[in-house]
Amino acid sequence: MIYDVIIIGAGAAGLMTAIQAAEGGLKVLLLEGQKKVGAKILMSGGTRCNVTNKAVSEKDYNSEKIIYVRNILRSFSNEDAIAFFKEAGVELNLEPTGKYFPTTNSGKTVLDALLRRIDTSKATLLTEKKVKAVVQDSKGFLVKGDQFQYSGLTVVFTTGGLSYPTTGSDGTGYRLAQSFGHPMIETFPALTPLTSKDAELRSLSGITLDVQLTLIVDGKKQVSNRDSFLFAHFGFSGPAALDISRHYLYAKGKKQIVANFIPDYDENTLQSYLRDLGQKKVQKTIRGILVELIPQRLADIILKKAGIEGDLPMNQLDKASRQRLIDSCLKYPLDVTGVLGYSKAEVTAGGIDWAQINPKTLESKLMPGLFFAGEILDVDGRIGGFNFQWAWASGCSVAQAIIKKRKDNEQKDH
């Protein structure tokens, strides 16, 4: 049997490509190397699966060719994704952060809906089929592995990157693409926790708060984000830490991450707040005031860093000490030693270079009939459903391009 399209990798992008292609009338084979499909769908967002976001644009992504990312995102928008899942029986709930989750708060709901669509679309899904090679033949492509070989007119690589290797993301797609001459943009882990040697801050493990993180490189502010932040036994996690990790890794030069632990305040507003309190609540201690703004154990560490006696009444704090306190609260230098790496990274930065890919169809310029979708490409989004949105959009674009190619070929034959 010759399939119209063979898709390698049954993650988010692979499932979407297969559904759209099969529902468009193509004979589809979807191959997965693991025993189970969609592992990242089940584990993402703390197993809740953040499907998409209220507002999505190319500004939420990193890539050497961001304009290409914009074009694909416009071809299948967040509204399209919401409509697709609604039609598939998945009701989504919009949270105040702009993130969309299934109302069941379970990634299983999302995966089950996709697998139902695979079933009804008549696409063939085979698991434990680890692809070792893809070669061109007279009819299209041969896709080979241990004890199997399949023939397809077109092939799509939706193999993911290197993040969470336990899910099967082992770089196979990169090797297969390079066998056709595709160049790579250097990869590194993105959306991964930060490590630290700061024993005091690590002792706060389990404490979560809203924090503004800023990356400073060679004395210049590079990027800043505000989100939930988690102290961990190894360092720092939570969306704020994950989002800044790729920028920290990418930056060259002397780099420092500083934390504003009271992000509702800047230097001026915190200055006047503390001054006013010092005048109004004469007996209130500095520690007493701080613990109204941040957790007590963190307040004690900040007081120690600023060299301030917490039991002092606020009105006894001299100007220089108050400035040290404010700096420690709003510009706390985090001792970051690195990141946890691919084993805990939610996505891979870098990937297949856009240079040899058609930006409208995601077809290879080097090998007609070969397509790419999802994380394998040089695209990584920030936290908040953006990487899934890229998977849905790129998968849908590829399927539509293959359907159009088939129709164009049929018209030529007639």
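The values are calculated or read from the model by the stated rules, or taken from the named source; none is laboratory data. The structure displayed is predicted, hence computed values, not measured ones. All Cβ positions, even for glycine, are placed from backbone atoms using ideal geometry, and neighbour counts span all protein chains on display. The accessibility values were calculated without ligands, DNA or RNA, using every heavy atom of the protein model including side chains. Shrake-Rupley method; radii C 1.70, N 1.55, O 1.52, S 1.80 Å.
Quick notes on this one:
- Filter result for Ala355 (under 27 Å from the mean Cα position of the chain (by Cα), assigned to a helix (DSSP H, G or I) and surrounded by fewer than 22 Cβ atoms within 10 Å (Cβ to Cβ)): yes
- Residues of segment 364-374 satisfying the condition of being in contact with a helix residue (DSSP H, G or I) (Cβ under 6 Å, 6 or more places away or on another chain), in contact (Cβ under 8 Å) with a residue 12 or more places away in the chain and open to solvent by 10 Å² or more (accessible area, probe 1.4 Å): Leu366
- In segment 248-271, of all residues being among the hydrophobic types (A, V, I, L, M, F, W, C) and open to solvent by 20 Å² or more (accessible area, probe 1.4 Å), the one that is farthest from Ser228 (Cα to Cα) corresponds to Leu249.
- Residues being open to solvent by 50 Å² or more (accessible area, probe 1.4 Å) and touching a Pro at 6+ places or on another chain (Cβ under 8 Å) are entirely absent from segment 174-181.
- Tally, over segment 312-329, of residues that are touching a helix residue (DSSP H, G or I) at 6+ places or on another chain (Cβ under 6 Å), closer than 22 Å to Ile257 by Cβ and open to solvent by 10 Å² or more (accessible area, probe 1.4 Å): 2
- When segment 60-100 is filtered for residues that are free of Cβ contacts under 8 Å to residues at least 60 places away in the same chain, of a type in the set (Gly, Ala, Ser) and part of a loop (DSSP other than H, G, I, E, B), the ones remaining, listed by number, are Ala88, Gly89.
- Entry remark, segment 1-44: residues being under 21 Å from the mean Cα position of the chain (by Cα) and assigned to a helix (DSSP H, G or I) number 11 in total.
- Test: Glu186 is more than 26 Å from Lys27 (Cα to Cα), part of a strand (DSSP E or B) and open to solvent by 20 Å² or more (accessible area, probe 1.4 Å): yes
- Across segment 288-299, the qualifying residues are those that are over 19 Å from Ala240 (Cα atoms) and free of Cβ contacts under 8 Å to residues at least 40 places away in the same chain, and the one among them that is surrounded by the fewest Cβ atoms within 10 Å (Cβ to Cβ) is Glu292.
- Evaluation of Asn409 against (1) buried (at least 17 other Cβ atoms within 10 Å of the Cβ); (2) out of contact with any Asp or Glu (no Cβ under 9 Å at 6 or more places or on another chain) (one fails), failing number: (1)
- Taking every residue in segment 1-16 that is aromatic (Phe, Trp, Tyr) and pairing it with any residue that is open to solvent by less than 10 Å² (accessible area, probe 1.4 Å), at least 6 positions away or on another chain, the pairs with Cβ-Cβ distances below 8 Å are Tyr3/Val28; Tyr3/Leu29; Tyr3/Gly152.
- Scanning segment 103-144 for residues that are among the polar types (S, T, N, Q), part of a helix (DSSP H, G or I) and either open to solvent by less than 10 Å² (accessible area, probe 1.4 Å) or in contact (Cβ under 8 Å) with a residue 40 or more places away in the chain (or both) yields Thr109, Ser121.
- Filtering Glu309, Glu346 for residues that are under 17 Å from Phe236 (Cβ atoms), out of contact with any strand residue (DSSP E or B) (no Cβ under 6 Å at 6 or more places or on another chain) and open to solvent by 60 Å² or more (accessible area, probe 1.4 Å) leaves a single hit, Glu346.
- One residue stands out in segment 64-81 among those that are in contact with a strand residue (DSSP E or B) (Cβ under 6 Å, 6 or more places away or on another chain) and among the aliphatic types (A, V, I, L, M): the one that is surrounded by the most Cβ atoms within 10 Å (Cβ to Cβ), namely Val69.
- Residue ID - nearest to Pro239 (Cα to Cα), chosen from residues in segment 375-390 that are open to solvent by less than 10 Å² (accessible area, probe 1.4 Å) and in a helix (DSSP H, G or I): Phe386
- Subset of segment 272-287 (residues that are in contact with a strand residue (DSSP E or B) (Cβ under 9 Å, 6 or more places away or on another chain) and either modelled with pLDDT of 85 or more or open to solvent by 40 Å² or more (accessible area, probe 1.4 Å) (or both)): Lys281, Val282, Gln283, Lys284, Thr285, Ile286
- Test: Lys130 is closer than 26 Å to Gln20 by Cα and of a type outside the set (Ser, Thr, Tyr): yes
- Among the residues of segment 155-175, those that are outside any helix (DSSP H, G or I) and modelled with pLDDT of 80 or more comprise Val155, Val156, Phe157, Thr158, Thr159, Gly160, Gly161, Leu162, Ser163, Asp170, Gly171.
- You will find that of Gly33, Gly38, Gly24, the residue that is within 14 Å of Gly395 (Cβ to Cβ) and in contact with a Gly (Cβ under 7 Å, 6 or more places away or on another chain) is Gly38 and no other.
- Filter result for the condition that a residue is in contact with a Ser or Thr (Cβ under 7 Å, 6 or more places away or on another chain), touching a residue at least 12 places away in the same chain (Cβ under 8 Å), within 23 Å of Lys305 (Cα to Cα) and not in a loop (DSSP other than H, G, I, E, B), over Leu270, Leu230, Leu215: Leu230
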